[in-house]
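Report on the structure given below.
The values are calculated or read from the model by the stated rules, or taken from the named source; none is laboratory data. The shown structure was predicted, so the numbers you read here are calculated from the model rather than taken from an experiment. Cβ placement follows ideal geometry from the backbone for every residue including glycine, while neighbour counts extend to all protein chains displayed. Protein only, heavy atoms only, side chains kept; ligands, DNA and RNA dropped before computing areas. Shrake-Rupley method; radii C 1.70, N 1.55, O 1.52, S 1.80 Å.
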Amino acid sequence: MKNLKTVDQAKKEIATLQRFIDLVESFQPETLKEQIIKEYAYIGSIEKVAIKVYELGYSKSDGNPYEKGDITNIIIGKPANDLHKLIKSGYLKKTRHSRRKIEKYSW
């Protein structure tokens with residue numbers, strides 16, 4: 001727990017987290033992109049998702065495994081469903097600091 005919360009705040013956070021868990025566990029991926037979104041919800045690491053997707057038998061059309069950039073592009077792409085919206089939002093918040101450094105030094 002980062003900050004001391006009131007009981008009401010804690011209850012709201014628990015309810016939010018439970019909705020997220022229910023959404024992820026009930027999500028049935030039908031495409032590779034959806035599978036990547038679900039794997040990221042469970043794993044939380046772009047690199048590990050790339051490895052997991054390859055282990056599941058997915059690869060690019062040329063037979064090479066998906067790379068971190070491919071996974072990132074899928075996650076930050078246009079959301080197709082509620083889970084993707086949540087994952088994209090969380091990913092952008094998680095990487096906000098590192099993206100600011102890149103933008104700051106871009107010419």
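One table, with the values for the structure above:
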item	result
The listed residue being in contact with a helix residue (DSSP H, G or I) (Cβ under 7 Å, 6 or more places away or on another chain), among the aromatic types (Phe, Trp, Tyr) and open to solvent by less than 30 Å² (accessible area, probe 1.4 Å), out of Tyr40, Tyr66, Tyr58	Tyr40
Helices (runs of 4 or more DSSP H) fully within the range 46-107 counting 1 or more residues that are under 27 Å from Phe20 (Cβ atoms) and at pLDDT 95 or above	46-55, 68-75, 82-94
Condition check for Leu32: of a type in the set (A, V, I, L, M), out of contact with any Gly (no Cβ under 8 Å at 6 or more places or on another chain), in contact (Cβ under 8 Å) with a residue 60 or more places away in the chain and surrounded by 11 or more Cβ atoms within 10 Å (Cβ to Cβ)	no
Residue match in the range 19-34 (condition: in a helix (DSSP H, G or I), modelled with pLDDT under 95 and among the aromatic types (Phe, Trp, Tyr))	no
